[in-house]
1. Name the residue that is farthest from Lys233 (Cα to Cα), counting only residues in region 46-60 that are touching a helix residue (DSSP H, G or I) at 6+ places or on another chain (Cβ under 7 Å) and open to solvent by less than 10 Å² (accessible area, probe 1.4 Å).
2. Mind listing just one residue for me: the one in region 464-495 that is hydroxyl-bearing (Ser, Thr, Tyr) and touching a helix residue (DSSP H, G or I) at 6+ places or on another chain (Cβ under 6 Å) and, of those, surrounded by the fewest Cβ atoms within 10 Å (Cβ to Cβ)?
3. Which one of Leu624, Leu650 is modelled with pLDDT of 85 or more and either of a type outside the set (Asp, Glu) or farther than 20 Å from Pro491 by Cα (or both)?
4. Looking at Ser778, Ser740, can you tell me which residue is of a type in the set (Gly, Ala, Ser) and modelled with pLDDT of 50 or more?
5. Need pairs with beta-carbon distance below 6 Å; first residue under 12 Å from Val51 (Cα atoms) and within region 25-41, second among the polar types (S, T, N, Q) and crowded, with 17+ Cβ neighbours inside 10 Å; sequence gap 6+ or separate chains.
6. Kindly indicate which of Lys342, Lys297, Lys335 is among the basic types (Lys, Arg), on the phi < 0 side of the Ramachandran plot and without any contact (Cβ under 8 Å) to a residue 40 or more places away in the chain.
7. Does region 69-89 contain at least one residue that is surrounded by 19 or more Cβ atoms within 10 Å (Cβ to Cβ), of a type in the set (Phe, Trp, Tyr) and touching a strand residue (DSSP E or B) at 6+ places or on another chain (Cβ under 9 Å)?
8. Is it true that some residue in region 107-118 is within 23 Å of Arg237 (Cβ to Cβ) and buried (at least 22 other Cβ atoms within 10 Å of the Cβ)?
Amino acid sequence: MRILFLCTAFNSLSQRLALVLKSQGHAVTVELALSAELMKTAAELAQPDIVICPFLTKRVPPEVYNKWLTLIVHPGPPGDAGPSAIDWCLIGDLGERPESDVQLSLIDLKHATMKSSKSMRSHWGVTVLQAIEALDAGPIWAFDQFELDPETSSMSKSDLYRGPVTQAALNAVLAAIARIQAAKDAIDEQANTSEHGLLYPPTLAAPATASTKCVSQGVPFLGGRTHERPLLKASSRDFVPLTRSIGQAKESHLLSSEGIVQRINSADSQPGVLSSLFGTPLFLYNAVVQSDPLPPKMEELAKSSPIGTVLATREGAVLVNVGADHPIWICQLRKPKAKAEKYLSPKLPAVQCLEGLPQIAEKLDLISHSKEWSGTIGDGADQQLPWKRRPGTYQQVWVDLERYDHDALVAYVHFDFYNGATSTSQCEILVDALEWTLAQKGLTTLVLLGGPGYFSNGIALNVIEGSEDPSAEGWANINAIDDVVQTILAPSKVLTVSALRGNAAAGGLALATAADVVLCSESAVLNPHYRGLGLYGSEWHTYSWYERCGSDVAAKFAREMLPMSSHEALKLGLVDHIIGKSNHGPAALLKEIKTVVRSLVEAKVQDIKADSVIGAGASWTKELISRPAPGEKLLREQMLENKEKYLAYLFAGSKGQNLSLLDNFMAYRKAELGMMTYDFFHPYRNSRFASRCTNFVRKIVPASTPLRFALHRRFEGPDWDKPEGKQPLLDEEEMDAFDSLGDIPASAAVPRMPKDAGPTAARMKKLPLTPSHSMIRSESEKTDVSQHSPSTTPTTPRSLKPAQSLGDEEALLSLKEGLDKLRSNPPILVKPRSPVVISFEDPTRPNATDSVRTSSASATPRAQTTSVKSNVPAGTQTKPAAEAISNGPTRSSSSSRLRNFFSLGRKNKVQRSLSNETLSLSVSKTDVSHAVRKEQGSASSKVGTIPSLRIQPVEEEKPAEVKPAARRSSVSTVRPTSSGSGGAAGSASEKVDRRRSWITQSPRLATPLTSFKAHAGGGGSVGIRMPSDKTTEENVEGDDDGRAQGEFGESNEQGSNDSQAKVETIWSCYYSEDGSKCQRPVVGSSPSIEPISEANEAIATKA
């Protein structure tokens, strides 16, 4: 069938459903439901057989559902209706009463009872029904249900949605399509023509039993009575009104801590519980009960302190007295959006959010950071096994050690980070756990497990957006996650395994694929790309993706930015084995992983089987030379030997000198980070990342559907499902110009680069590497890697310089022959890789030229980088990157500076002072025989090619001056001081000056932010309009219950009179609440804000 998706967002359920439908031969195109007119236009363009709405919060226009059979995926069983179906289920709605208010009162009563058991239905379901005028009331084509067992009922809303709900939706949609096909076939038997000229008219009749028999079991819904329920507001879930002060309450009046967690889980990850727990309205997310005993002093404080008292902090979370039988860890918070604010505030770790509210932070005694309670060395921790699992407390990272046959010690490393985002501090914690694990005597196998819902999604965009200096925080975060990847690249005599139980994307997927063996759940959705957010990416993806899949394939999927199923990833070589084909829950899936890992570590070479995990692995774990191995030899030992030989060949020789294994791996990191310096610090590229990060974090509705999803717009004509031979329209990210620097020289990034060096370099020197890989030179012969400039095209040297540990040149040539055979072996599914530089240029499309300035007019570049396609004719000789790089000026005094710059330590924080030393960038050109000819007297380069960074002190030259403008991504940037504040807070201009995220005045940039001036009292001080704490506390007016609700509870909020405050968000139905009902009045007035005149634009920009 030709299927059109209408979605509010192309979320995880929509992606999974589209991938499965495509695998069954259906053609799927996607249109974001931005307006009724766009939905109608999309249907006319696509001319689909049917329309499916897997995630939709708007009404389908009657012009669509009256002409095309339209299916709505409702995340509730038959009889349930309303926009908060899963929310009502998880909060404990058993369906006793049809009146929503009465039912919610019953739930409140249960949660107000101390130690009350969790109330939850036995089952929940998903219904696929046909769209008609009445909401959720059309004919039912299919439904499926799942059991809410103790494991499932304890999930948060987002985990339940990605797991059981998505699987039930998939089952129901596939059954509905089969029934539609059967109904159409029945009509075809009676008549030769179909109604309205459509193959599947909306008049087709659904089976009578579709609403009474679920797809998987053939039985009616087992979860009880269902009703239509309204939008469950965030403030309706607040538990604070149910409590009393601890000093006044009797023991029988304490709340149930499990009930409070149940309320918070029902609101995760949208909208959160809007509560005044901390004395000001905040949205609460991600709660964990502290059932383990508290330290004596903390226990006394909990008994004597009022509700809302912070008892301790841990890794960004706060332990709070909530007036229940146990205190609760609150891990994430978000400030409500005030009327005067343009954007939603980012969701942040609780400590970071509270520190952005100085008055609240001081009241809760968070300023001194004296309440940190370590989970590994503090009270309650096991001194012998500090990373041991502790279920009764908050723990993000833990390690399970198990011993198998043949004296095999296996470590399972869990890291369950919220929504899969890994911040700088979380990376530090994970590195500490990995280093402790690798130091365990006799360790043979390291298994990375991630979390049950997400493996990892890479760097934490919310933390970056909410930091005082997003660029510096982003730079620290990418360096910290690189530290994580580095620990698993080549640990001595340890086989590394990644087990993906949930989705993975970007740097999180690169982390997984750096392991020797990648296991992947069949239900996982993978997104191996960065470009959608305007990032080049790091995490050694130019090593792992290219070595696993081949350069052409890796460049293709990194540029296409399409979701990928586990089966597609297996075919490409991105993953090695698929698990969880029986749709197991998290516990059952973990049990299967341990069974698979045990069979792998205990297997012998003679046990290798096709289509089995025994023998599966990355290309570097395969035998290079076709010769029989001893059958009794352990397979894991053979795989590690193969990896050692593979890497020795891969890194064999560079400009006549040999580098250590660490040095060669560092070349990838430096090259990737060299590109990311532009993303974080160059005015043109940083503005692009900043706007995309803001849109993602603050849930801004996009202007249009990306063409890579909307195939009916990508290919002209009605045959969009047959794109062969057609020229596609491209998204901005797919064009070569997306990688350019605009009209701004590369040197503009230099003044904003971090100055300080961290402990990363020192830690890297301690990295346990396979002994034979330190083989190549003595210490006196080793070359300082910091002399190598980062390149836009990271290279892997291919010269035939023999490696000493492998014997003579004949042995190395044999290895080369074996490696060539390995790469051409179909079962491995790795395309032969040409000995050329790596680039993200599209190998199938010729480059267009675009001038990129590489230096100031007074400084002539020595050379110029040229990006080269990866489809070089066989036999073409290329000079190694190190040789090309060495053609640049040599440096001694700046080498340590470069090393420091590219190894910003994971322990460093985001505040970085500007360098006192003036820097400039020179550019080097990779000397490749097929490089593009340099134009005479021109500094132009290929589109999509970025000059490589070479940092060196220059006294007489200054980088080009670019006007900085503040970026409004912090929750704690401009805090206008009220008249009675006493000047405790710094001025607005001082706050803005500390931020280094620039927006240039170049016409090619994304639309810059509008500058404003703020008048405090009668004076006029220049500032930038941003979300501020005082604005949130002082300018919130109106009643959240008085907002007009549109269909599905969508907000028709007017905001303030400032037109800049009217920004539509994806979750506007929830965010119509601003916390005004429980808002504390704050003495003082907030400055009024109005746009400044054009004459004062330069002053505002400078400020």
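1. Across region 46-60, the extreme among qualifying residues is Ala46.
2. Step one: list which residues in region 464-495 are hydroxyl-bearing (Ser, Thr, Tyr), which gives 467, 471, 487, 492.
The next check asks that each one be touching a helix residue (DSSP H, G or I) at 6+ places or on another chain (Cβ under 6 Å); those that pass are 467, 471, 487.
Details: Ser467: 31, Ser471: 29, Thr487: 22.
For region 464-495, the residue satisfying everything is Thr487.
3. Of Leu624, Leu650, the one residue that is modelled with pLDDT of 85 or more and either of a type outside the set (Asp, Glu) or farther than 20 Å from Pro491 by Cα (or both) is Leu650.
4. Testing whether each residue is of a type in the set (Gly, Ala, Ser) and modelled with pLDDT of 50 or more leaves just Ser740.
5. Between residues of region 25-41 that are under 12 Å from Val51 (Cα atoms) and residues that are among the polar types (S, T, N, Q) and crowded, with 17+ Cβ neighbours inside 10 Å, the close pairs are Glu31/Thr705.
6. After applying the criteria, what remains is Lys297.
7. no
8. yes
The values are calculated or read from the model by the stated rules, or taken from the named source; none is laboratory data. Just so we're clear, the structure is a prediction, and the values are computed from it rather than from any experiment. Ideal geometry is used to build each Cβ from the backbone, glycine not excepted, and the neighbour counts take in all protein chains shown. These accessible areas exclude ligands, DNA and RNA; they are computed on the full protein's heavy atoms, side chains included. Shrake-Rupley method; radii C 1.70, N 1.55, O 1.52, S 1.80 Å.
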